[in-house]
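K.L.:
Here's a structure for you.
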Amino acid sequence: MKQVQERRSQCPINFSLEMIGDAWSLLIIRDIIYSGKKTYGEFLESGEGIARNILATRLMQLQQKGLLKKRDHPTDRRKDMYELTTDGLDVIPILLDMAEWGSKSGDTTSPLKWLEAVRAHREEIIPLIRTTVLNGGSVFNGPDSVVDKISAKGWM
């Protein structure tokens, strides 16, 4: 479903911004990676309060750009599930960098031990996040979360 769109420039930062689209799109990707959210209703519950029409538009745009794929919910025919594609998973290091940069303000809800673990073990954590999300898990939630895995390794 990936659509080819004409770029405004050949600048790689501009291209990245055009792929992501806006803050709402990045927050949807964050919710999948960090919280394991997969459905429209779960995205609506996020603390930032995205409007229904904006959410629907961003989900469609992320699919068109090849960052998300939609599939039928396995137990509820009324719902769709959204998953990151390989290109969508490539956003993981960007989110980690943004969390690190944003945490410098000191006013964050991100657990300090998580940020410290990412700083110390970034190269090992990125593929761990990728594999966990590909298998339906997330960083913070679920029985097989990344936080549980790195805690077992003694990194947190």
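K.L.:
Given bins 10 angstrom wide, list per bin the percent of all Cα-Cα distances in the stretch 42-129, short to long.
P.N.:
P(r) over the stretch 42-129, rounded to whole percents: 14, 34, 36, 16, 1.
K.L.:
Return the label of the correct value of mean projected area of the Cα convex hull in nm², as calculated from the structure shown, out of (i) 9.4; (ii) 7.9; (iii) 10.2.
P.N.:
The value matching this structure is (iii).
K.L.:
Roughly how far apart, in whole Å, are the Cα centres of the stretch 4-80 and the stretch 105-136?
P.N.:
So the separation of the two Cα centres works out to 21 Å.
K.L.:
Calculate one ³J(HN,Hα) per residue across the stretch 135-148 by plugging θ = phi - 60° into the Karplus curve 6.51 cos²θ - 1.76 cosθ + 1.60, and present them in order as whole Hz with x for glycine and proline.
P.N.:
Result, ordered by residue: 8, x, x, 8, 5, 9, 10, x, x, 10, 5, 4, 4, 4 Hz.
K.L.:
Roughly how tilted is helix 92-103, in degrees to the nearest 10 and between 0 and 90, from the longest Cα axis of the chain?
P.N.:
Result, in degrees: 60.
K.L.:
Using Cβ counts within 10 Å as a stand-in for footprinting exposure, how do SER46, SER105 rank, fewest first?
P.N.:
SER105, SER46
K.L.:
Also, quick follow-up: Fewest Cβ neighbours within 10 Å first, please rank ARG130, ARG77, ARG119 accordingly.
P.N.:
ARG77, ARG119, ARG130
K.L.:
For the chain, find the longest principal axis of its Cα atoms and tell me its angle to the long axis of helix 112-134, 0 to 90°, nearest 10.
P.N.:
Between helix and principal axis, roughly 50 degrees.
K.L.:
Given the DSSP H assignment, sum -39500 (n - 2.57) over each helix run of at least 4 residues in the chain and divide by its residue total; what's the result at 222 nm in deg cm²/dmol, nearest 500?
P.N.:
That comes out to -15500 deg cm²/dmol.
K.L.:
Obtain the radius of gyration and the Kirkwood radius of the stretch 106-154 from its C-alpha atoms and give Rg over Rh.
P.N.:
Rg/Rh: 0.97.
K.L.:
Assuming a ≥ b ≥ c are the square roots of the Cα gyration tensor eigenvalues, decide whether the stretch 23-89 counts as rounded (a/c under 1.5), prolate (otherwise, with a/b larger than b/c) or oblate.
P.N.:
Numbers: a/c = 1.35, a/b = 1.06, b/c = 1.28.
Here the stretch 23-89 falls in the rounded category.
K.L.:
Let me ask something else about it. Can you give me the long-range amide H partners of LEU68? Hydrogens built in the peptide plane at 1.01 Å from N, cutoff under 5 Å, separation of 5 or more residues or another chain.
P.N.:
GLN63, THR85
K.L.:
I want to verify a result. In a Gaussian network model of the chain, Cα cutoff 10 Å, which of these has the top mean-square fluctuation: LYS69, LYS37, LYS79?
P.N.:
Among LYS69, LYS37, LYS79, the largest GNM mean-square fluctuation belongs to LYS79.
Laboratory data are not the source of any read-out in this text; all were calculated from the coordinates shown. In this text, all values refer to a predicted model and were calculated from it rather than measured experimentally. Cβ atoms come from the backbone with ideal geometry, glycine included; neighbour counts cover every protein chain shown.
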